[in-house]
Amino acid sequence: MGQALAFPENFLWGTATASYQIEGGTWEDGRGESIWDRFARIPGNVHNAETGDVACNHYYKYNEDLDLLTSLGIKSYRFSIAWPRLFPEKGKFESRGLDFYKRLIEGLEKRGIEPVATIYHWDLPQWIQEQGGWTNRDTIQHYLEYARVLFETFGNRVARWITHNEPWCVSFLGYGHGIHAPGVKDWNAAVKAAHHLLLSHGEAVKMFRGLNLTTQIGITLNLNDEYPASNSEEDLRAADRFDMYQNRWFLDPLFAGHYPHFQQNTVFDEFVSDWGFIQSSDLETISQPIDFLGINNYTGGPVKADKNTPIVQAVHSETDRPKTDMGWDIYPEGLYRVLKRVQSDYTGALPLYITENGAAFSDTVIKGRVPDDNRINYLQRYFEAAHRFIQEGGPLRGYYVWSLMDNYEWAFGYSKRFGLVHVDYETQERTLKASAYWYRNVIRCNALDAN
Ligand code: IFM
């Protein structure tokens with residue numbers, strides 16, 4: 001072991017979760033159907049046809065789960081709110097759904113843990129999807145009605161509001177590739193959905209400012225370092241296209257007020273014949289100043305040209321980097337590079353948070369212990385990358401490990417374990433993994449042992 005790498009005083013060590021992935025209780029207290037309830041029930045969409053019906057039963061076990069946060073010394077907890085609990089049907093508001101988040105936020109306050117809330121982490125009410133979901137501009141008005149209730153109820157009690165989690169996944173996986181809910185495979189729809197998500201973000205920021213709230217609002221993007229596999233003209237172009245699709249499609253409108261262009265074309269031109277859904281003042285709204293940017297980063301890597309892959313005409317090339325159980329390259333340098341690039345090209349002095357980073361491994365409980373050294377090693381290396389950025393003056397203010405506990409990993413069902421805490425889905429027993437104890441020590445010392 002080398003010296004300790006100290007983090008700044010007040011650095012926010014956290015963990016993150018999302019409503020559909022942990023809550024269960026999907027039919028309790030008047031909750032309506034979400035697009036994930038519907039999508040998961042269609043054979044072939046989700047591993048083993050698993051649903052979020054029970055998940056970690058957090059809807060009932062939230063107190064026990066908040067105690068876990070306390071036992072780890074977590075400073076800040078990022079959770080998301082389930083829209084279908086509040087607006088289960090068109091024109092219907094359900095106060096019992098809101099009450100759950102009152103209890104949750106009170107529970108955090110009582111324990112001295114800072115609440116950070118994501119307004120939309122993928123569980124769109126199904127009734128809104130029936131009207132076109134995010135491809136319909138009217139969805140923005142429904143989103144604002146929902147956001148207003150949250151701002152007026154909780155306002156300054158939430159330290160940071162995150163308008164959206166990973167609009168890339170919502171639009172491109174949900175409406176383009178069709179491998180997430182609502183399962184639409186139409187790239188024209190995907191690009192439209194992305195635009196409406198971004199616009200709803202901008203409108204929510206305006207609303208938040210109008211209510212004179214004094215806490216903060218921002219958005220979370222999933223950003224990766226996508227670099228050319230070689231210096232060939234084809235690979236350079238391929239990496240640029242990949243970067244446009246993965247990163248710039250969201251960073252440019254949010255921070256530069258325009259969509260990206262590659263030699264006057266976008267990667268989507270072939271699929272979008274009419275860009276009329278982008279109205280004149282939309283980009284001004286989308287690029288409203290925000291208080292922070294949340295970055296989710298797990299992987300990234302070399303990109304090579306591949307004419308057979310639609311949209312990007314590029315694929316990741318194989319590396320000899322170790323991989324997580326998701327098959328994702330472990331690439332901590334990529335986190336550092338993403339932070340540097342975002343700061344220099346887009347955000348400057350704006351506070352940044354890693355709102356998600358973590359790894360899935362196939363953990364098992366052995367005599368009451370979960371020896372997940374691979375996760376400790378992963379986190380150690382990613383924390384070192386974050387530390388390097390901070391040492392160089394980077395405005396990184398906090399780090400939320402994904403995830404507090406094992407949970408429903410979308411189309412992978414319960415087959416991927418990302419938690420610091422192991423969940424036995426039969427008994428709902430929670431067991432702290434070795435990484436949880438390790439993380440507790442990092443938090444306690446506010447420092448990392450340098451390897
Ligand atoms: O589980 C997801 C989360 O919901 C969004 N970001 C990535 C995580 C791991 O895939």
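The values are calculated or read from the model by the stated rules, or taken from the named source; none is laboratory data. Just so it is clear, the structure is predicted and the values come from calculations on it, not from any experiment. Note: ideal-geometry Cβ built from the backbone for every residue, glycine included; neighbour counts use all protein chains shown. With ligands, DNA and RNA removed, areas are computed over all heavy atoms of the protein, side chains included. Shrake-Rupley method; radii C 1.70, N 1.55, O 1.52, S 1.80 Å.
Select, from G301, G294, G334, the only residue that is over 24 Å from N377 (Cβ atoms), touching a strand residue (DSSP E or B) at 6+ places or on another chain (Cβ under 8 Å) and open to solvent by less than 30 Å² (accessible area, probe 1.4 Å). Selected residue: G294, the only one of G301, G294, G334 that is over 24 Å from N377 (Cβ atoms), touching a strand residue (DSSP E or B) at 6+ places or on another chain (Cβ under 8 Å) and open to solvent by less than 30 Å² (accessible area, probe 1.4 Å).
How many residues are within 16 Å of T324 (Cα to Cα) and either among the acidic types (D, E) or away from the ligand (no atom under 11 Å from the Cβ) (or both) if we restrict to the stretch 403-416? Of the residues in that region, 4 qualify. Taking the criterion of being more than 14 Å from the ligand (Cβ to nearest atom) and either at pLDDT below 95 or not in a helix (DSSP H, G or I) (or both), the residues of the stretch 354-379 that qualify are S362, D363, T364, V365, I366, K367, G368, R369, V370, P371, D372. Taking first residues from the stretch 6-35 that are more than 30 Å from G91 (Cα to Cα) and within 16 Å of the ligand (Cβ to nearest atom) and partners that are assigned to a loop (DSSP other than H, G, I, E, B) and not aliphatic (A, V, I, L, M), the Cβ contacts under 8 Å between residues at least 6 apart in sequence or on separate chains come to G14/K75; T15/S403; A16/S403.
The residue of the stretch 151-168 that is nearest to the ligand (Cβ to nearest atom), among those that are in a helix (DSSP H, G or I) and open to solvent by less than 10 Å² (accessible area, probe 1.4 Å), is P167. Scanning the stretch 13-54 for residues that are open to solvent by less than 30 Å² (accessible area, probe 1.4 Å) and of a type in the set (A, V, I, L, M, F, W, C) returns W13, A16, A18, I22, I35, W36, F39, A40, V46.
Results for (1) in a helix (DSSP H, G or I); (2) under 18 Å from the mean Cα position of the chain (by Cα); (3) surrounded by fewer than 23 Cβ atoms within 10 Å (Cβ to Cβ), shown as yes or no for each residue.
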site	(1), (2), (3)
S171	yes, yes, no
V184	no, no, yes
L197	yes, yes, no
T220	no, yes, no
H258	no, no, yes
D269	no, no, yes
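For the subset of the stretch 386-401 comprising residues that are open to solvent by 10 Å² or more (accessible area, probe 1.4 Å) and not in a loop (DSSP other than H, G, I, E, B), which member is nearest to H58 (Cα to Cα)? Step by step, filter the stretch 386-401, then rank; the result is R397.
If only residues of the stretch 237-252 that are more than 15 Å from V315 (Cβ to Cβ) and over 18 Å from the mean Cα position of the chain (by Cα) are counted, the one that is surrounded by the fewest Cβ atoms within 10 Å (Cβ to Cβ) is D252.
Selection within the stretch 116-132: residues that are farther than 19 Å from F39 by Cα and touching a residue at least 60 places away in the same chain (Cβ under 8 Å). The member of this set that is surrounded by the most Cβ atoms within 10 Å (Cβ to Cβ) is V116. Across the stretch 133-143, which residue is nearest to the ligand (Cβ to nearest atom) among those that are open to solvent by 20 Å² or more (accessible area, probe 1.4 Å) and not β-branched (V, I, T)? Checked the stretch 133-143; the qualifying residue nearest to the ligand (Cβ to nearest atom) is H142. Consider the stretch 310-331 and keep the residues that are outside any strand (DSSP E or B) and within 16 Å of the ligand (Cβ to nearest atom). The one that is surrounded by the fewest Cβ atoms within 10 Å (Cβ to Cβ) is G327.
Would you point out the residue of the stretch 290-309, among those that are in contact (Cβ under 8 Å) with a residue 12 or more places away in the chain and assigned to a loop (DSSP other than H, G, I, E, B), that is nearest to the ligand (Cβ to nearest atom)? For the stretch 290-309, the residue satisfying everything is Y298.
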